[in-house]
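The values are calculated or read from the model by the stated rules, or taken from the named source; none is laboratory data. Source: prediction; values computed, not measured. Every residue, glycine as well, gets a Cβ built from its backbone with ideal geometry; the counts of neighbours run over all protein chains shown. All accessible areas refer to the heavy atoms of the entire protein, side chains included, with ligands and DNA or RNA removed. Shrake-Rupley method; radii C 1.70, N 1.55, O 1.52, S 1.80 Å.
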Amino acid sequence: MAKKKTLFECQSCGFQSPRWMGKCTSCNEWESMIELSTEQIRYLKETSRSSTHSTPKAKPITQIKEDDIIRFASGSKELDLVLGGGIVPGSLTLIGGSPGVGKSTLLLKIAGNLAKKEKKILYVSGEESSGQIKLRANRLDANHNSLYLLSEINLSSVLSEINNQNYELIVIDSIQTLYSEETPSAPGSVTQVRTITFDLMRIAKSLHIPIFIIGHITKDGSIAGPRVLEHMVDTVLYFEGDTNSDLRLLRGFKNRFGATNEVGIFEMNKEGLNDAKSMAGKFFNKEKLQSGSALTVIMEGSRPIIIEVQALVSESYGHAKRSSTGFDNNRLGMLLALLEKKLDLPLGTYDVFINISGGIKINDPSADLAVIAAILSSYKNRELSAKTLFLGEVSLTGEIREISSLAQRLKEIQTQGFTKAVIPNKPIEKTTVKCFIADEVSKVVEWM
Ligand SMILES: Nc1ncnc2c1ncn2[C@@H]1O[C@H](COP(=O)(O)OP(=O)(O)OP(=O)(O)O)[C@@H](O)[C@H]1O
Ligand SMILES: [Mg+2]
């Protein structure tokens with residue numbers, strides 16, 4: 001016969017035991033244990049079972065309703081493009097970039113644009129005083145009643161300001177200057193930056209407010225840069241550009257709400273960073289090319305941009321140097337090895353420097369052919385025609401490979417008034433640009 005289950009409960013502290021005890025072992029009360037009835041035991045079992053039911057359970061994906069993402073425009077078409085169509089409420093966006101590139105300028109301008117449309121915006125600065133920001137706001141036409149400034153470095157003060165007001169967008173300038181008292185390390189350290197980002201993420205998600213965080217990058221990476229946060233935030237954008245030129249590129253690096261291949265192009269002027277109206281002629285010299293310069297057209301997201309590749313090949317005194325700005329150094333090494341092998345050029349005794357004008361960093365392999373043309377032009381000290389563009393990816397075997405979006409690139413070449421292009425394969429669509437086919441590195445020389 002099955003033994004009847006018994007359960008005793010302390011009337012004083014609620015401690016339960018299967019055996020009767022004269023004194024409760026939990027609260028030391030004498031004679032407080034009473035036996036529970038069968039109904040009471042069954043009720044306890046049911047409530048404990050239902051409490052396990054309330055813990056989240058996995059569901060088939062077909063039964064799940066997707067989140068509605070209602071984006072809103074930032075007032076800058078270029079920023080909206082990079083974000084994938086506008087700002088997503090509750091999203092955390094990190095904008096990184098080197099000093100002076102224009103991070104604060106861009107975000108203050110966006111804050112101003114939105115405040116103009118009566119959105120309540122908070123701009124938190126740990127780097128500059130409110131007076132300094134006001135000065136910039138005057139220049140950017142961002143003086144509007146619903147833009148609030150907070151010059152503060154203490155995270156708990158920033159969080160309580162966010163909690164107490166109904167802001168619709170928040171800018172943090174910058175993450176490295178904020179300080180959380182709960183973490184003992186110094187502002188800007190990896191632990192601080194992580195803790196602060198985590199708290200900001202929680203508040204963004206719970207209050208459904210978009211937050212933009214500015215982060216500094218250092219060249220040597222010794223200080224905690226935004227790179228440690230990249231996995232924590234929803235979107236990571238990087239500002240690129242030569243501070244000597246007016247153009248700035250905002251590149252998507254990660255985006256949980258859209259594609260990352262789009263690039264925003266801005267122009268820096270005294271009214272701040274504005275959407276670039278036209279990229280035509282901004283990245284190259286239209287009139288005449290010096291020896292060592294070659295033109296190509298790269299795709300930045302969905303847009304073709306004509307750029308100038310500059311090369312300097314000079315006799316080396318000692319160990320031959322190879323250095324490139326805006327172009328991958330390893331790829332440069334590969335192209336030089338190919339030129340030595342296929343064209344018998346003694347480049348091992350020459351220093352080679354490559355620069356992409358306008359501060360652009362090339363990720364598109366279609367610029368390989370232009371790099372080769374620029375190197376040859378500098379080596380032979382012969383100018384290339386300012387009307388010819390070079391397009392093609394070069395393989396390790398010296399073959400020139402087909403490139404993507406050829407028709408779109410040729411259209412841009414035609415629109416900008418160029419007449420000739422050296423390309424890897426015949427264009428499918430009709431074009432007025434005279435095309436020369438170069439399917440091998442050695443053929444490039446014929447078109448120079
Ligand atoms: N009066 C002005 N007219 C035109 N351009 C200006 C003017 N004042 C500043 N700038 C430009 O703005 C840039 C500084 O921008 P900003 O302060 O937004 O950069 P940042 O990326 O926030 O820099 P930091 O890392 O120091 O915070 C300067 O490098 C300069 O090119
Ligand atoms: Mg700044």
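Observations
- Test: residue in the range 292-310 that is over 29 Å from S395 (Cβ atoms) and among the acidic types (D, E): no
- Hits in the range 309-337 - residues which are exposed (fewer than 14 other Cβ atoms within 10 Å of the Cβ), not hydroxyl-bearing (S, T, Y) and not in a helix (DSSP H, G or I): E315, G318, H319, K321
The rows are residues; the columns are (1) polar (S, T, N, Q); (2) modelled with pLDDT of 90 or more; (3) within 16 Å of ligand 2 (Cβ to nearest atom).
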site	(1), (2), (3)
L36	no, no, no
T47	yes, no, no
S76	yes, yes, no
S91	yes, yes, no
G97	no, no, yes
L108	no, yes, yes
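- Of all residues in the range 249-270 being open to solvent by 40 Å² or more (accessible area, probe 1.4 Å) and among the basic types (K, R), the one that is modelled with the lowest pLDDT: K270
- Checking each residue in the range 146-194 for being among the small types (G, A, S) and away from ligand 2 (no atom under 16 Å from the Cβ) picks out S146, S156, S157, S160, S180, S185, A186, S189.
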